[in-house]
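The structure appears below as structure tokens.
Taken together, the values in this text are just the output of simple stated rules run on the coordinates, not laboratory data. Here the structure is a predicted model, which is why all the values come from computation and not from measurement. In this analysis, Cβ positions are derived from the backbone assuming ideal geometry, glycine residues included, and neighbour counts consider all displayed protein chains.
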Amino acid sequence: MTIKKILIVDDSKTELMFMTDLLVKKGFAVKTAENAEDAFRRLAEEKPDLILMDVVMPGQNGFQLTRAITRDPLYADVPIIMCTSKNQETDRVWGMRQGAKDYITKPVDADDLMAKIKALG
């Protein structure tokens, strides 16, 4: 599957702008969501090829949201990369257990992110 459409879920406007800018310059179509409710609304509008998921957000956190998305038959095939400042090995392991395909820590290294996206596509 070629990855073209990416949904970024992050409650930080700065992160959303940085990631959107980076990905758009690389030729991706990007949608953003600031919380779980927003994320499900975006998913219903148009199914993305990839989701970049922050962990620390108000309401449902990224681990919970990843679990909800990967267990939903409509979206179970959409890969999720956790993209978070939580850099402990236990966080990475927990993220993968929730259904994430990969895990990257902030500040995001553009080359690292592109390599991870390419590996999924």
For this session: Compare the peptides 64-74, 108-118 by average per-residue count of other Cβ atoms within 10 angstrom and give them in order, highest first.
Result: 64-74, 108-118
Seminar exercise, completed: Of all DSSP beta bridges having both residues in the chain, the percent classed as antiparallel (nearest 5) is 0
Exercise. Toward the positive end of the charge dipole of region 5-109, about the Cα centre and with charges on Cβ (Lys, Arg +1; Asp, Glu -1), which of MET19, ILE104, ALA39 goes farthest?
Worked result: ILE104
For this session: Starting from the Cα of LYS13, draw a straight line to each of the aspartates and glutamates and keep only those under 20 Å, dropping any in the same chain fewer than 8 residues away.
Result: ASP21, GLU34, GLU37, ASP38, ASP54, ASP109
Exercise. Hey, with R₀ at 22 Å, roughly what FRET efficiency would ALA110 and ASN87 work out to, going by the Cβ-Cβ distance, to 0.05?
Worked result: 0.80
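Hey, got a sec? Which trypsin sites (Lys or Arg not before Pro) in region 1-63 land in a DSSP loop and have at most 15 other Cβ atoms within 10 Å? Please list the in-between numbers first.
On the way: sites: LYS4, LYS5, LYS13, LYS25, LYS26, LYS31, ARG41, ARG42; in loops: LYS4, LYS26.
Here the sparse-neighbourhood loop sites are LYS4, LYS26.
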For this session: Determine the calculated [θ] at 222 nm for the chain from helices alone, applying -39500 (n - 2.57) to every DSSP H run no shorter than 4 residues and normalising by the residue count; nearest 500 deg cm²/dmol.
Result: -13000 deg cm²/dmol
Exercise. If contacts are Cα pairs under 8 angstrom and at least 6 residues apart, what is the relative contact order of the chain in percent?
Worked result: 23
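What does the charge dipole of region 21-60 about its Cα centre add up to, to the nearest 20 debye, if the Cβ of each Lys and Arg holds +1 and the Cβ of each Asp and Glu holds -1? Mind showing how you got there, number by number?
Numbers: 6 positive and 8 negative charges, 36 e Å.
So the magnitude is around 180 debye.
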